Each structure stands twice: as structure tokens, then as C-alpha cells.
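Notes to accompany the following structure.
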Amino acid sequence: MATATDNNLSNLKSAVAGLEQISENEKSGFINLVSRYLSGEAQHVEWSKIQTPTDEVVVPYDSLAPTPGGSSEIKNLLDKLVVLKLNGGLGTTMGCTGPKSVIEVRDGLTFLDLIVIQIENLNSKYGSNVPLLLMNSFNTHDDTQKIIEKYQNSNIEIHTFNQSQYPRLVVDDFLPLPSKGRTDKDGWYPPGHGDVFPSLSNSGKLDALLSQGKEYVFVANSDNLGAIVDLKILNHLIEHQNEYCMEVTPKTLADVKGGTLISYEERVQLLEIAQVPDEHVGEFKSIEKFKIFNTNNLWVNLKAIKRLVEADALKMEIIPNPKEVDGVKVLQLETAAGAAIRFFDKAIGINVPRSRFLPVKASSDLLLVQSDLYTLEDGSVIRNKARTNPENPSIELGPEFKKVSNFLSRFKSIPSIVELDSLKVAGDVWFGAGVILKGKVSIVAKSGVKLEIPDGAKIANKEINGPEDL
């Protein structure tokens, strides 16, 4: 006798078959994902079986062998590499339209500009041919195609492909939103970056790269300014024939929710907070017990991707993401690329310096990377050695600074923050040029008051609530 789940799936299959906007691969991939979700297939972690990974499993970066010295050896290494940036996200959370990767980060250069400059420099210096792949979503594809035209004279091959486009599911009856007449972009979603592996294969890019002799892909978020090609890591993976490597870095209090690597039933795997039983969440957030977290900088062997995709073996944990579209409750089912680690042979983590994790998620991050705390060298953001504190200052900006355009208009120039420990800004605050901030600074304008910090002001360990405090 058919169950409600069987009926849901049967009705869904019929409805999805009629969606002409997506390919057969996308239809089958979506049905496969929903079937797994409805079957209740979930990976339950038995807390008592969790083990802390050894240095063989999570390798300390400092223990990696030095990069080979000769430029011909380095060229041979680089010619096995492809760089892939996850470029599906929009800049909406920072008040921008279009792909997030075209937000200007520093000196008039965007995320994408910096990525291209970095790879151009490698190719020029060593005579290598490292291509750049951009995985777009249907949200970013058209804009990205126009933007990359400006790089056509560079010495770098740029390829784009789209990740899957899946229909949002209406919670009430488990039917796709587009089959109910919602055919605009709001009817669809990109199913998370775990989709990078099947999409790379379905696009034909995977076979093309293998035929060119490429062996490894370095996958990273386009907004992580620290995710630059690292020859020591690449050399280690090739030497040890590791199929998968996740870069992890020590947790700070800001990272307590980040996924961590564990040894579990003789394999290495990612443990996310959503998988943790309620009674162990406090322990999971503890920096003492789970010391590292996933940066989402991933190095993966291309032949291994092909083998696992063709065997339909990459069954990562499903992340249900509830949303609402014009009052209709919908569900997005997503997967994460980091969760694939447990399916690959000889998978490892490498415990890298914090400098390889510098994401720009909000205007407070922009303040850091546009300040004198960093300089630009060959497209890479380099930390100022004058700062003695290994951690960056904590910065909290009020909603007046949320949109990039508002953020930029409120600073005549970005303040000096080399000696800053923490900054809190709220209310109608405007900064003059050449301001220097040190120690712990709080600038909170009273409601209805415009607070202007004058040019050249030096503020150290101070709370400011009005002009009288300056």
C-alpha cells in the first residue's frame, strides 16, 4: 500500500517532469535529493565514537615539506592545478546588486579582479597554465559572463559553468513552486556548494580538465581573500596521493558554530553543529575540545571526483533550508562541499594559518581589509607586520553602515586601526580623514544626533556618545 511519502514523491516526479526550464540531469538530481530527504536518511553521529584527529589526519601546516626550489618543478606542480571559485552568491546582504564577487574590496579592485591578478602572476612567473573556473548560479551567470569579458587579454583561461537550478518545494503539498505558475527566479534555488561535484561533471568541464592532464582542483569561496594558491599544500597532496584536503584553522570565539573535523569509524569527516545532539552543543562550541573549523578551502583530486560522481556515491548530509516566498512556505534542500570529505580515500585536513581565512561577509570585514591593517601585493591581501596582536580587532558596525554605499559615504578615509582591539559604532556617525583608533573604542551617537569625528582625531580606549566626549 502506497504511503503518503510515496504519493508525495510520485506527484513530485510528475510535476518535475513538466518543468521545461531545467535539464534532465537537474531533474534527476533534484528527485534523488528529495527521495533521500523523504526517506529520513540522516547521518546520526554517536557521540562516544568521536575521536580527535591525529596529526596524520589533520596535518600541521608547519610540518609540510618546503616547496621544490626550481621554477621548472613549480611549473610542473602548477600545470596539474585548476582554481575554482564558488561564484553563485549575490551581494544583497551588503546592499549590492549582482554577483558578490564584483564588490570593490580595495584600491578599486573587486574580489574577481584580485583572483585574476593572483593567477595571472603565477602563470607569468612560472610559465604555467592554471585556469580559473567560476561556478555561477542562475542568479549570477548573466552578469558574470559580461564582467569576465574585461579579462580577455589576460594570460589566464577563464571558464564558467552553472551549478544546478532546483525548484523550491511548497511545504503544504510538496509540489514544486514553478509548477504552480511561479516561473520567475523566486521559484528556484541553487542547492548549496555540495553541488559543485555533479555540476562540474554535468557541464563537461571535468572531462575536459582531465584530458588536459589536470589533477587537482582548489575550491574556495570567492569572498575569502585568504584563499590563494599554496604550493606547499599542492605538493603535499601530490606526494601523498591524498584525494581530498580540507583547510582548517584554529577556532576563535567568533567561529564556535563552524564545522569541525573529527575521526569517526576510521574515516575523517566534517561535524556540523546541526548534527550535534542538543546535550552536546555546549561541548561542540568549546574551543578547548574542538579546536579547529572548516575554512571551506578544499583541494580535491579530479579523477576521484569523476569516480564518485559516476558511482552516485556522494550522498552528503542534507541541509533543509526553510524560506517564505510571498507568504508561501517553501523548502530548499541543500548540501555542502565540505561534507563530501568522508567519501574520498586518503582524505586529510591541513591546519593552516588564520591568514588563509579572510572572508568578507559584511561591511565590518570591509573596514578591516581596506584599512592600514593590510596591504595589497600581487593581488593578495597581506597583513601589516606592525600589528603585534595575532588576532584582528573585533568590529561591530550599526545598521547605518550595512550597505556598502552607506559604509563608504560615512568614511572620508578608512581610519588607522593597526593598534585597535575592538570598535563598536552605532547611530548617525561620520568619520573624517586621517582618524586613528587604538585600544577599545565605542562610538554610539544618541538618537537624533549626528556625530562627526573630526579629521585627524586620535581616539584611544574611549567611549564617545556625543561631540562633548571628543
Legend entry - Gain on full stretching of the segment that runs from D455 to S10 - 0.36 nm per residue minus C-alpha separation: 153.5 nm
Inset, instruction - Round to the nearest 0.05 the FRET efficiency obtained for K412 and Q212 when R0 = 60 Å and r is the Cβ-Cβ distance. - result: 0.75
Inset, instruction - Just report the Cα centroid separation between the range 14-35 and the range 171-214, whole Å. - result: 10
Inset, instruction - For a label point 7 Å from the Cα of K146 along Cα→C-beta, name the residues of the range 181-198 whose backbone N is under 18 Å from it. - result: 185
Legend entry - Equivalent-ellipsoid semi-axes of the range 328-371, from the Cα gyration tensor, Å, largest first: 28, 25, 4
Legend entry - Residue pairs, from the table K185/K303; K146/K323; K85/K214; K125/K150; K146/K412; K232/K440, whose Cα atoms sit over 28 Å apart: K185/K303; K146/K323; K146/K412; K232/K440
Inset, instruction - Bin width 5 Å, alpha-carbon pairs only: give the P(r) of the range 262-377 as whole percents, running from 0 to the bin holding the largest distance. - result: 2, 8, 13, 16, 17, 16, 13, 10, 5, 1
Inset, instruction - Would you mind telling me the antiparallel percentage of the DSSP bridges in the range 363-469, rounded to 5? - result: 15
Inset, instruction - With only alpha-carbon atoms counted, please give the Rg and Dmax of the range 219-313, in Å. - result: 15.1, 42
Inset, instruction - Place a +1 charge on the Cβ of each Lys and Arg in the range 314-459 and a -1 charge on the Cβ of each Asp and Glu, then give the dipole magnitude about the Cα centre in debye, rounded to the nearest 20. - result: 200
Inset, instruction - Could you please tell me the mean projected area of the C-alpha convex hull for the range 218-258, averaged over all directions and given in square nanometres to one decimal? - result: 3.8
Legend entry - Local electrostatic count, L451, Cβ distance below 12 Å [Lys/Arg +1, Asp/Glu -1]: -2
Inset, instruction - Provide, as a two-decimal number, the C-alpha radius of gyration of the range 39-134 over 2.2 N^0.38 Å, N being how many residues it has. - result: 1.60
Inset, instruction - Express in whole angstrom the spacing between the alpha-carbon centres of the range 334-388 and the range 429-470. - result: 30
Inset, instruction - Calculate, in nm to one decimal, what N384 and D278 gain on full extension: separation in residues at 0.36 nm each, minus their alpha carbon distance. - result: 34.0 nm
Legend entry - Of G127, L114, S137, farthest towards positive along the dipole that unit charges on Lys, Arg, Asp, Glu beta carbons give the range 114-160: G127
Inset, instruction - With the convex hull built on the Cα atoms of the range 86-136, state its orientation-averaged projected area in nm². - result: 3.9
Legend entry - Accessible area of the chain belonging to carbon and sulfur atoms, whole % at 1.4 Å probe: 49
Inset, instruction - With no solvent and one equal point scatterer per Cα, compute the Debye intensity ratio I(q)/I(0) for the range 121-189 at 0.16, 0.24, 0.25 Å⁻¹ and report its log10, rounded to two decimals. - result: -0.67, -1.02, -1.06
Inset, instruction - Would you list, by chain and number, the aspartates and glutamates whose Cα falls below 17 Å from the Cα of K438, excluding same-chain residues fewer than 8 positions away? - result: D372, E391, E396, E419, D421, D455, E463, D469
Legend entry - Beta bridges by DSSP in the chain, antiparallel share as percent, to the nearest 5: 45
Legend entry - Solvent-accessible heavy-atom area per residue, rounded to whole Å², over the range 1-143 at 1.4 Å: 47
Inset, instruction - From the P(r) of the range 363-469, can you give the percent of Cα pairs sitting at distances over 25 Å? - result: 16
Legend entry - Kirkwood Rh (inverse of mean 1/r, distinct Cα pairs), the chain, angstrom: 24.2
Inset, instruction - Please identify which residues in the range 376-398 have an amide N closer than 20 Å to a label point set 7 Å out from the Cα of K440, following the Cα→Cβ vector. - result: 388-398
Inset, instruction - Take the alpha carbon gyration tensor of the range 44-99, find the square roots of its eigenvalues, order them as a ≥ b ≥ c, and report rounded if a/c is under 1.5; if not, report prolate when a/b exceeds b/c, else oblate. - result: oblate
Inset, instruction - Express in nm, to one decimal, how much length is gained between L90 and E324 on full extension, taking 0.36 nm for each residue of separation and deducting their alpha carbon distance. - result: 82.4 nm
Legend entry - Solvent-free Debye scattering, log10 I(q)/I(0), computed from the Cα coordinates of the range 150-231 at q = 0.27 Å⁻¹: -1.33
Legend entry - Globularity ratio of the range 388-441, using Cα Rg and 2.2 N^0.38 Å: 1.13
Legend entry - Projected area averaged over orientations for the range 92-236, convex hull of C-alpha atoms, nm²: 11.2
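The values are calculated or read from the model by the stated rules, or taken from the named source; none is laboratory data. On a predicted model such as this, the values are computed, not experimentally measured, just so you know. Every residue, glycine as well, gets a Cβ built from its backbone with ideal geometry; the counts of neighbours run over all protein chains shown. Surface accessibility is based on the protein's heavy atoms, side chains included, excluding ligands, DNA and RNA. Shrake-Rupley method; radii C 1.70, N 1.55, O 1.52, S 1.80 Å.
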